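Below is one structure, written out as structure tokens, with a few remarks after it.
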Amino acid sequence: MAKRGKPGGRGSRATAGVVEVPKGTRPDGPVEGVYYIDTGDCELIADQDNSTGWLLKINGVMSSHIDLADPLFLDFEYMRWMAALIESRWPPSEASSGPKLRGLHLGGGACSLARYFHAAYPDARQVVVELDGKLAEYVRGWFDLPKAPLLRLRVGEAREVTETLTADTRDFIIRDVFAGALTPRPLTTAEFTRHVKRVLAPGGIYVVNSGDAPDLKNAREDAATIAASFKHTVIIADPAMLKGRRYGNMVMAGSDTPFGDDPKLHRRLLGGAVPAHLWDDAQVRAFAAGSPVRHDPPATPSIAP
């Protein structure tokens, strides 16, 4: 299962050859092939259904899709749901009259959402935290990303970076980090979520991509942990996922401000290729009832020499 994207099929083909990039240089535009990165390898694949589209696999898992001609096109449903939720709170049509939107992306991939929000909110300030420095270099060279200060790529571990950030400095934080099938546990605990809440400005939104199997154990624990830190929560997913009938992704979000009942958001979620439902706070808490809140392991006491 493509936890960060969707199952293979579109654009898939036999593995391309390894592309060698001279040390100290950056690729000048996308070229199909396999590239060695700091955490393994990635594969860049031309989208056979879209002449300006590219798919990115990381260590064999479909991660991202980019349309070079249209940054507002998001091929993965869960990314469209995230964008719809954030735009419901900060309508792009009103962005020019208000303060600049500030976003933090934990997990970079091809920076699909960062490109999207730059197109939707041209004055936004965004930081993408990517663990793999080599991948970050490639993505900058392949996809002509906006330059700093509009978009900064910061190489580092997502939790370590988040813990260093100043309080009240981000309007939205997106967690989309996977190691294999699941998000690394240190990014899912109550202690980490409290750091996220500290960094968010009043009215900010924490949005996560929660991947799970049909038993929904991981999703319920994610929901319980987010609900323990935030007064208001929502879940967005398609009905089959909500009923535990397939592997897939849920979008979860927490905020200190109510999400409200936006008819435009509901229509937008229902209008996609995969119609999605939105659960309100009461439904999220009922879904999470009885599931444990995740915590960091207890600190190991130091032993004096």
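The values are calculated or read from the model by the stated rules, or taken from the named source; none is laboratory data. Every value quoted in this text rests on a predicted model; they were computed, and no experiment measured them. Cβ: placed from backbone, ideal geometry, glycine included. Neighbour counts: every protein chain shown.
Please state which one of GLY180, GLY203, GLY272 is surrounded by fewer than 24 Cβ atoms within 10 Å (Cβ to Cβ), touching a residue at least 60 places away in the same chain (Cβ under 8 Å) and more than 30 Å from VAL155 (Cβ to Cβ). Spell out the reasoning first.
On the way: GLY180 fails: more than 30 Å from VAL155 (Cβ to Cβ); GLY203 fails: more than 30 Å from VAL155 (Cβ to Cβ).
Every option except GLY272 fails the conditions.
Is it fair to say ALA213 is touching a residue at least 24 places away in the same chain (Cβ under 8 Å), more than 21 Å from LEU187 (Cα to Cα) and hydrophobic (A, V, I, L, M, F, W, C)? Talk me through it step by step, then tell me what you get.
Details: touching a residue at least 24 places away in the same chain (Cβ under 8 Å): yes; more than 21 Å from LEU187 (Cα to Cα): no; hydrophobic (A, V, I, L, M, F, W, C): yes.
Considered against the rule, which asks whether it is touching a residue at least 24 places away in the same chain (Cβ under 8 Å), more than 21 Å from LEU187 (Cα to Cα) and hydrophobic (A, V, I, L, M, F, W, C), ALA213 comes out as no.
Quick one: in region 183-200, of everything that is among the hydrophobic types (A, V, I, L, M, F, W, C) and more than 15 Å from the chain's Cα centre (by Cα), which residue is surrounded by the fewest Cβ atoms within 10 Å (Cβ to Cβ)?
Filtering first and then ranking leaves ALA190.
Which members of region 235-263 meet the condition of being under 16 Å from the mean Cα position of the chain (by Cα) and under 27 Å from PRO202 (Cα atoms)? Talk me through it step by step, then tell me what you get.
To start, the set of residues in region 235-263 that are under 16 Å from the mean Cα position of the chain (by Cα) comprises 235-237, 248-254.
Residues satisfying the conditions are ILE235, ILE236, ALA237, MET250, VAL251, MET252, ALA253, GLY254.
Take the residues in region 93-106 that are modelled with pLDDT of 95 or more and in contact with a helix residue (DSSP H, G or I) (Cβ under 8 Å, 6 or more places away or on another chain), then tell me which one is surrounded by the fewest Cβ atoms within 10 Å (Cβ to Cβ).
Once the filter is applied, the top-ranked residue is LEU101.
I'd like to know if region 131-142 contains one or more residues that are surrounded by 17 or more Cβ atoms within 10 Å (Cβ to Cβ), of a type in the set (Asp, Glu), in contact with a Lys or Arg (Cβ under 6 Å, 6 or more places away or on another chain) and farther than 25 Å from LEU55 by Cβ.
no
Can you tell which of GLY141, GLY133 is more than 21 Å from PHE117 (Cα to Cα), among the small types (Gly, Ala, Ser) and more than 16 Å from the chain's Cα centre (by Cα)? Before the answer, list the steps.
Values: GLY141 fails: more than 21 Å from PHE117 (Cα to Cα).
So the residue among GLY141, GLY133 that is more than 21 Å from PHE117 (Cα to Cα), among the small types (Gly, Ala, Ser) and more than 16 Å from the chain's Cα centre (by Cα) is GLY133.
Would you tally the residues in region 86-129 being among the small types (Gly, Ala, Ser) and in contact (Cβ under 8 Å) with a residue 60 or more places away in the chain?
Of all residues in region 86-129, those among the small types (Gly, Ala, Ser) come to 88, 93, 95-98, 103, 107-110, 112, 114, 119-120, 124.
Remaining after also requiring in contact (Cβ under 8 Å) with a residue 60 or more places away in the chain: 88, 103, 107, 109.
Final tally of qualifying residues: 4.
Take PRO301 and tell me if it is surrounded by fewer than 22 Cβ atoms within 10 Å (Cβ to Cβ), under 21 Å from GLU163 (Cβ atoms) and at pLDDT below 95.
Working: surrounded by fewer than 22 Cβ atoms within 10 Å (Cβ to Cβ): yes; under 21 Å from GLU163 (Cβ atoms): no; at pLDDT below 95: yes.
When the stated conditions are applied, PRO301 does not pass them.
Quick check on ARG285: is it over 12 Å from ALA84 (Cα atoms), in contact (Cβ under 8 Å) with a residue 40 or more places away in the chain and among the basic types (Lys, Arg)? Quick ask: steps written out before the conclusion?
Details: over 12 Å from ALA84 (Cα atoms): yes; in contact (Cβ under 8 Å) with a residue 40 or more places away in the chain: yes; among the basic types (Lys, Arg): yes.
So ARG285 fits the description; yes.
All but one of (1) under 23 Å from TYR35 (Cα atoms); (2) more than 15 Å from the chain's Cα centre (by Cα) hold for ALA224, so report the exception by its number.
So the condition that ALA224 fails would be (1).
Scanning region 69-100 for residues that are of a type in the set (A, V, I, L, M) and in contact with a strand residue (DSSP E or B) (Cβ under 7 Å, 6 or more places away or on another chain), which turns out nearest to PRO263 (Cα to Cα)? Spell out the reasoning first.
Filtering region 69-100 for residues of a type in the set (A, V, I, L, M) gives 69, 72, 74, 79, 82-86, 95.
Imposing the further condition that a residue be in contact with a strand residue (DSSP E or B) (Cβ under 7 Å, 6 or more places away or on another chain) reduces the set to 82, 85-86.
Numbers: MET82: 16, LEU85: 12, ILE86: 14 Å.
Checked region 69-100; the qualifying residue nearest to PRO263 (Cα to Cα) is LEU85.
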